[in-house]
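Enquirer: Here you go, one structure.
The values are calculated or read from the model by the stated rules, or taken from the named source; none is laboratory data. What you see is a predicted model, and the numbers here were worked out from it, not measured in a lab. For neighbour counting, all protein chains shown are included, and Cβ atoms are generated from backbone atoms with ideal geometry for every residue, glycine included. These accessible areas exclude ligands, DNA and RNA; they are computed on the full protein's heavy atoms, side chains included. Shrake-Rupley method; radii C 1.70, N 1.55, O 1.52, S 1.80 Å.
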Amino acid sequence: MREIRTEDAVGHILCHDITQIIKDVKKGVLFKKGHIIREEDIPLLLSVGKEHLYVWEKKEGILHENEGAQILYEICAGDSEIIHGSDIKEGKIELIADIDGVLKIRRDALNAVNSQGEMMIASRHGDFPVKKGDKLAGTRIIPLVIEKEKMDHAREAAGKDPIFSILPYKKKKIGIVTTGSEVQKGLVKDTFTPVLKDKFARFPSEVIGQTTPGDDKEQITADILKFIEDGADVVVCSGGMSVDPDDRTPGAIKDTGARIVTYGAPVLPGAMMLVSYYEKEGRKVPVLGLPGCVMYAKNTIFDLLLPRIMADDEILASEITVLGEGGLCLNCDVCTFPNCGFGK
């Protein structure tokens, strides 16, 4: 740093806080360290007795923290039209959602940038729903100035695609296949379907029908295929997912020709979840076998996967496997899901 006349300081980076004291009116920071001095700042600086300042000398290849922060934002969001950044301040910038949807994070790229040093990105968990106006991530350049070369390395480490994106929800037509002879015969009241309708109502959706095939495996298969033929974008089969001899849902789903992603998941509640995709003529329809816990437990694996289903975010077996850590719902007296550790 070097000392410079205040009148000559325009465009330079301030190396120290400037305090303003007005008796009985104000005592506080007028300009913070790192501020880039503007022409209009000169009279204010002179008014507090600052005729000389310590400033950083602008050097080739050295960026101010705010310049670095802008690059870091571009690494995070690219030219996204569904994410915007906050004002840059002291090398910090935040990413804000402009739509509802599912947050996607390129985790390898996030880790690669955070491994560079002198810069950081902290975000909420990916694969979870976000709403318009939600803060997605906060970033910061750690030092007051940073080498341009270091920011170039960060760009290279992150790759061409932005680290953060949001998958918007798509309006889905839903078919519900309610299994169980006890429901078909009217021996018990169907309390499963109202729960499902309530969960789907949180997203753009239309329930186009419900069937009650009992425990007839062939009929369950036929009902699933009929819903798909009628234009259903998602088919859910409620119940019949255990190993009891009368529980025929897994076999019925398999008999449709759907590709089974997983039958079983390291999540409680929800261990007997089945995820599959029926693929034909360019369509890829999720067919889900829902365990009974979805009917009575407040949050289950279905709540972890449903936002992704509604955003056309294909679910992989490897993504189910890693849910084991965080896959235990603690049934807290006051539920804060999704702002808790369940599924994370």
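Enquirer: At a probe radius of 1.4 Å, what is the per-residue accessible area of residue 272, in Å² to the nearest 10?
Expert: 70
Enquirer: Another question, if that's okay. Express in nm, to one decimal, how much length is gained between residue 120 and residue 16 on full extension, taking 0.36 nm for each residue of separation and deducting their alpha carbon distance. Before the final figure, lay out the partial values.
Expert: Values: separation 104, 0.36 × 104 = 37.44 nm, distance 2.32 nm.
Length gained, residue 120 through residue 16: 35.1 nm.
Enquirer: Given (1) 21.9; (2) 20.1; (3) 23.8 as candidate values of Kirkwood radius over Cα pairs in Å, which corresponds to the one derived from the coordinates?
Expert: (3)
Enquirer: What fraction of the Cα pairs in the range 71-177, stated in percent, has a spacing above 20 angstrom? Intermediate results must be reported in sequence, preceding the final value.
Expert: Working: 2234 of 5671 pairs.
Cα-Cα pairs in the range 71-177 separated by more than 20 Å: 39 percent.
Enquirer: Where does the charge balance sit around residue 249 when Lys and Arg score +1, Asp and Glu -1, over other residues with C-beta under 10 Å from its C-beta? If you can, show how the numbers build up before the last one.
Expert: Values: positive: 217, 248, 254; negative: 215, 247.
Value of the local net charge: +1.
Enquirer: Ok, one more. Ranked highest first by the average count of other Cβ atoms within 10 Å around their residues, in what order do 329-339, 224-234 fall? Spell out each step's value before the answer.
Expert: Working: 329-339: 11.9, 224-234: 18.6.
The peptides rank, most packed first, as 224-234, 329-339.
Enquirer: Among 177, 153, 209, pick out the residue whose Cα is farthest towards the positive end of the charge dipole of the range 139-271, where Lys and Arg carry +1 and Asp and Glu carry -1 on C-beta, about the Cα centre.
Expert: Working it through, the farthest residue towards the positive pole turns out to be 153.
Enquirer: Just the number please: accessible area per residue for the chain, 1.4 Å probe, all protein chains included, in Å². All intermediate terms of the calculation are to be shown ahead of the outcome.
Expert: Values: 17780 Å² over 344 residues.
For the chain, the per-residue accessible area is 52 Å².
Enquirer: Using only protein heavy atoms and a 1.4 Å probe, report how much of residue 110 is accessible, in Å² to the nearest 10.
Expert: 20
Enquirer: Also, I was wondering about something else. Suppose every K and R has +1 on its Cβ and every D and E has -1 on its Cβ; what is the size of the dipole of the chain about the Cα centre, in Debye to the nearest 20? Could the numbers behind the result be given before it?
Expert: Values: 45 positive and 54 negative charges, 110 e Å.
Magnitude of the dipole: close to 520 debye.
Enquirer: Could you give the length gained by full extension between residue 38 and residue 181, i.e. 0.36 nm per residue of separation minus their alpha carbon distance, to one decimal place?
Expert: Details: separation 143, 0.36 × 143 = 51.48 nm, distance 7.73 nm.
So the chain would gain 43.7 nm between residue 38 and residue 181.
Enquirer: Over the heavy atoms of residue 51, what accessible area does a 1.4 Å probe trace out, to the nearest 10 Å²?
Expert: Solvent-accessible area, nearest 10 Å²: 120 Å².
Enquirer: Also: Quick check on packing: order 195-201, 313-319 by the mean number of other C-beta atoms within 10 Å, highest mean leading.
Expert: Values: 195-201: 15.4, 313-319: 13.7.
By packing density, highest mean first, the sequence is 195-201, 313-319.
Enquirer: For Cα pairs less than 8 Å apart in space and 6+ apart in sequence, what is the mean separation divided by the residue count of the chain, i.e. the relative contact order in percent? Show your work: numbers first, answer last.
Expert: Working: 696 pairs, mean separation 41.9, N = 344.
Reported relative contact order: 12 percent.
Enquirer: Sorted by accessible area with a 1.4 angstrom probe, largest first, how do 106, 38 fall?
Expert: On the way: 106 85, 38 110 Å².
Accessible-area ranking of 106, 38, largest first: 38, 106.
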